1. Where residues in the stretch 81-101 are assigned to a helix (DSSP H, G or I) and surrounded by 14 or more Cβ atoms within 10 Å (Cβ to Cβ), which of them is farthest from the chain's Cα centre (by Cα)?
2. Of the numbered conditions (1) free of Cβ contacts under 8 Å to residues at least 40 places away in the same chain; (2) out of contact with any Leu (no Cβ under 8 Å at 6 or more places or on another chain); (3) among the aliphatic types (A, V, I, L, M), residue 58 satisfies every one except a single condition; which is it?
3. Do the conditions hold for residue 78, that is, is it part of a helix (DSSP H, G or I), over 15 Å from the mean Cα position of the chain (by Cα) and either among the aliphatic types (A, V, I, L, M) or buried (at least 20 other Cβ atoms within 10 Å of the Cβ) (or both)?
4. Determine, yes or no, whether residue 71 is at pLDDT 95 or above, of a type in the set (Val, Ile, Thr) and either outside any helix (DSSP H, G or I) or open to solvent by less than 80 Å² (accessible area, probe 1.4 Å) (or both).
5. Just one of (1) open to solvent by less than 40 Å² (accessible area, probe 1.4 Å); (2) closer than 16 Å to residue 9 by Cα trips up residue 63, so point out which.
6. Among the residues of the stretch 2-44, write down those that are within 19 Å of residue 98 (Cβ to Cβ), in a helix (DSSP H, G or I) and open to solvent by 30 Å² or more (accessible area, probe 1.4 Å).
7. Please tell me if residue 31 is over 22 Å from residue 109 (Cα atoms), free of Cβ contacts under 8 Å to residues at least 40 places away in the same chain and under 15 Å from the mean Cα position of the chain (by Cα).
Amino acid sequence: MTPRTPLSRDRVIGAAAAVADRAGVAAVSMRSVAKVLGVEAMSLYHHVPGKEALLDDLADWVFERIELPEVGGTWREALTVRARSARSVLTAHPWALGMMESRPHPGPALLQHHDRLL
């Protein structure tokens, strides 16, 4: 019998992204994410406090994937790099567009992203 990979916050968020990619963000629930991971929903609460926190983390997960512009280049180059990267990420994860700026608790990746753009 092969040992099961331990759960982690990153695995839980990755599984939530997989659910959203397959069926949209409305399909993300503790139960649907647990099913992808092959565990019971209650196991997830050791890694995320609940569904709303999971959705906040999922929005931050999207921002982690958008390339940040380098400091020191021209603003036009920086915004072009960011726009191309954002388009690529949002094409792969179309469910993310509606939730990127709508979550009540922005995560560190979102804040870093906005700070860099400013």
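The values are calculated or read from the model by the stated rules, or taken from the named source; none is laboratory data. Bear in mind that the values here come from a model prediction, so they are computed numbers and not experimental data. For neighbour counting, all protein chains shown are included, and Cβ atoms are generated from backbone atoms with ideal geometry for every residue, glycine included. The accessibility values were calculated without ligands, DNA or RNA, using every heavy atom of the protein model including side chains. Shrake-Rupley method; radii C 1.70, N 1.55, O 1.52, S 1.80 Å.
1. For the stretch 81-101, the residue satisfying everything is 81.
2. Among (1) free of Cβ contacts under 8 Å to residues at least 40 places away in the same chain; (2) out of contact with any Leu (no Cβ under 8 Å at 6 or more places or on another chain); (3) among the aliphatic types (A, V, I, L, M), the lone unmet condition for residue 58 is (1).
3. So residue 78 passes the test.
4. no
5. Here residue 63 clears every test but (2).
6. Across the stretch 2-44, the qualifying residues are 18, 21, 22, 23, 25, 26, 27.
7. no
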